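Some notes on the structure that comes next.
The values are calculated or read from the model by the stated rules, or taken from the named source; none is laboratory data. Everything quoted here is computed from the prediction, not taken from an experiment. Note: ideal-geometry Cβ built from the backbone for every residue, glycine included; neighbour counts use all protein chains shown. For the accessible areas, the whole protein counts, side chains as well, though only heavy atoms, and no ligand, DNA or RNA atoms are used. Shrake-Rupley method; radii C 1.70, N 1.55, O 1.52, S 1.80 Å.
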Amino acid sequence: MPPPRRPLGVVTRGTTNPNRLRRVDNWIAACCAGPLRDAVDPLVVDLGYGATPVTAVELRARLAVAVRPDVRVVGLEIDPVRVAAAAASADPPWLTFARGGFELAGLRPVVVRVFNVLRQYEESAVGPAWRTMAAGLAPDGLIVEGTCDELGRLATWVLVDGSGEPRSLTLAPRLATLESPAALAERLPKALIHHNVPGTGVHALVRALDDGWRDAAAYGTFGPRQRWLRTVASVRDAGWPVLDRTARWRLGEITVAWSAVAP
């Protein structure tokens, strides 16, 4: 038997909170459901779940209800102390925990969720990490990589395909507490956050959302959802390649083609 693969990566801060990743979990359940439903083994990896396993527990529960009841979630952490601490929350075979990094511990997941991990790396590490994870995916597998604030009120993520190439960027604020879309800039994925400067696609997108939000102020009379709907519609009408539809906008999301924001 070959020796176990050495985990690739470094131990990150591990900060987490209940419901912090609710927004991205619901998006995965809606937008990554096809490959999971088609898979013989609907395996999902929660990479870098942090100091407590709560977000992995929540991910398994949400996908079991929304996608299929036999979905399996494996939480991977480099820190063996965190893996040991998570054991009490395991529910095998549906939810287990193991030591692993970007090499995915030799697993072949259909979906990898990796949140608030790469933001703690250098930007130069992002592309290689995407490609390393992609090499371990099951056929038609997907990676959802992003970041959010401590309470999950501002979240952004990139959808990466099995070739390691990004497909789209999603911005997802909690509308009830959103003062301005510009607040999303500080939570952009690592691949983009240092490129949020005039003349770049991501800066122009955030600016377009901010302008649209301001111009739609009158719609705020009917609530922040109506204001956001108008904002996203104006961005789409201005020519941005918006990939999602009104049903997702109503949840406080906008997804655009990666080509529009690529550095």
Point to revise | ALA262-ASP211 pseudo-label distance in nm [points 7 Å out on the Cα-to-Cβ vector] | key: 2.4 nm
Check your understanding: Between the DSSP loop rule and a limit of at most 12 other Cβ atoms within 10 Å, which GluC sites (Glu not before Pro) in region 116-148 are left?
Key -> GLU122
Practice item. Taking the Cα centre of the chain as origin, work out the dipole magnitude from +1 charges on Lys and Arg Cβ and -1 charges on Asp and Glu Cβ, in debye rounded to 20. Key: 380 debye
Review point. Over all distinct Cα pairs, what is the inverse of the mean 1/r for the chain, reported as the Kirkwood hydrodynamic radius in Å?
Key: 18.7 Å
Practice item. Enumerate the whole-percent occupancy of each 10 Å bin, from 0 to the last occupied one, for all C-alpha pair distances of region 93-149. Key: 21, 55, 23, 2
Point to revise | Extreme residue, positive dipole direction of the chain, given options THR170, ALA87, ALA216 (C-beta unit charges) | key: ALA216
Exercise for review: Would you kindly state how much longer the chain becomes between GLN120 and SER180 on full extension, computed as 0.36 nm times their sequence separation minus their alpha carbon distance, in nm to one decimal?
Suggested key: 19.1 nm
Revision key, fill the gap. Taking max minus min of the Cα coordinates of region 36-86 on each principal axis, largest first, gives extents in Å of 34, 18, 13
Review point. Amide H to amide H, which residues 5 or more places from VAL112 or on other chains are under 5 Å from it, using H placed in the peptide plane?
Key: VAL45, LEU142, ILE143, VAL144
Revision key, fill the gap. With x for Gly and Pro, the residue-by-residue ³J(HN,Hα) of region 190-204, computed from phi through the Karplus equation 6.51 cos²θ - 1.76 cosθ + 1.60 at θ = phi - 60° and given in whole Hz, is 4, 5, 10, 4, 7, 9, 7, 9, x, x, 9, x, 5, 5, 5
Revision key, fill the gap. For region 1-87, the percent of accessible surface on carbon and sulfur atoms (probe 1.4 angstrom, ligands and nucleic acids excluded) is 60 percent
Check your understanding: Pick from ALA176, ALA33, ALA135: which is most flexible by mean-square fluctuation in a GNM of the chain where alpha carbon atoms under 10 Å apart are linked?
Key -> ALA176
Review point. What does the helix-only formula give at 222 nm for the chain: each DSSP H stretch with n ≥ 4 adding -39500 (n - 2.57), the total divided by the residues, and the result rounded to the nearest 500 deg cm²/dmol?
Key: -9000 deg cm²/dmol
Point to revise | Vicinal HN-Hα couplings computed from phi for region 219-229 (Karplus, 6.51 cos²θ - 1.76 cosθ + 1.60; Hz; Gly/Pro x) | key: 6, x, 4, 9, x, x, 5, 5, 5, 5, 4
Review point. Once the dipole of region 7-114 is set up with Lys and Arg at +1 and Asp and Glu at -1 on Cβ about the Cα centre, which of VAL71, THR15, VAL40 lies farthest towards its positive end?
Key: THR15
Exercise for review: Once you have the Cα-Cα distance between ARG167 and LEU251, take 0.36 nm times their residue separation minus that, and quote the gain in nm to one decimal.
Suggested key: 28.2 nm
Review point. Rounded to the nearest 5, what % of the DSSP beta bridges within the chain are antiparallel ones?
Key: 50 percent
Exercise for review: Using a 1.4 angstrom probe, figure out how much accessible area the chain has per residue, in square angstrom, rounded to the nearest whole.
Suggested key: 44 Å²
**Study point:** Extent along principal axes [Cα atoms of region 17-121; Å; largest to smallest]
**Key:** 34, 25, 24
Study note, to complete from the structure: In whole percent, the fraction of accessible protein surface over region 150-263 that belongs to carbon or sulfur atoms, probe radius 1.4 Å, stands at 50 percent
Check your understanding: Put LEU169, LEU107 in order of accessible area, largest first, 1.4 Å probe: what do you get?
Key -> LEU107, LEU169
Revision key, fill the gap. With +1 on the Cβ of every Lys and Arg and -1 on the Cβ of every Asp and Glu, the dipole magnitude of region 92-184 about its Cα centre, in debye rounded to the nearest 20, is 240 debye
Check your understanding: Could you give the distance between the Cα centres of region 89-110 and region 166-241, to the whole Å?
Key -> 35 Å
Revision key, fill the gap. Given all pairs of distinct Cα atoms, region 110-263 yields a Kirkwood Rh in Å of 15.8 Å
Study note, to complete from the structure: With DSSP loop assignment and no more than 11 other C-beta atoms within 10 Å, the GluC sites (Glu not before Pro) in region 147-247 are GLU150, GLU179
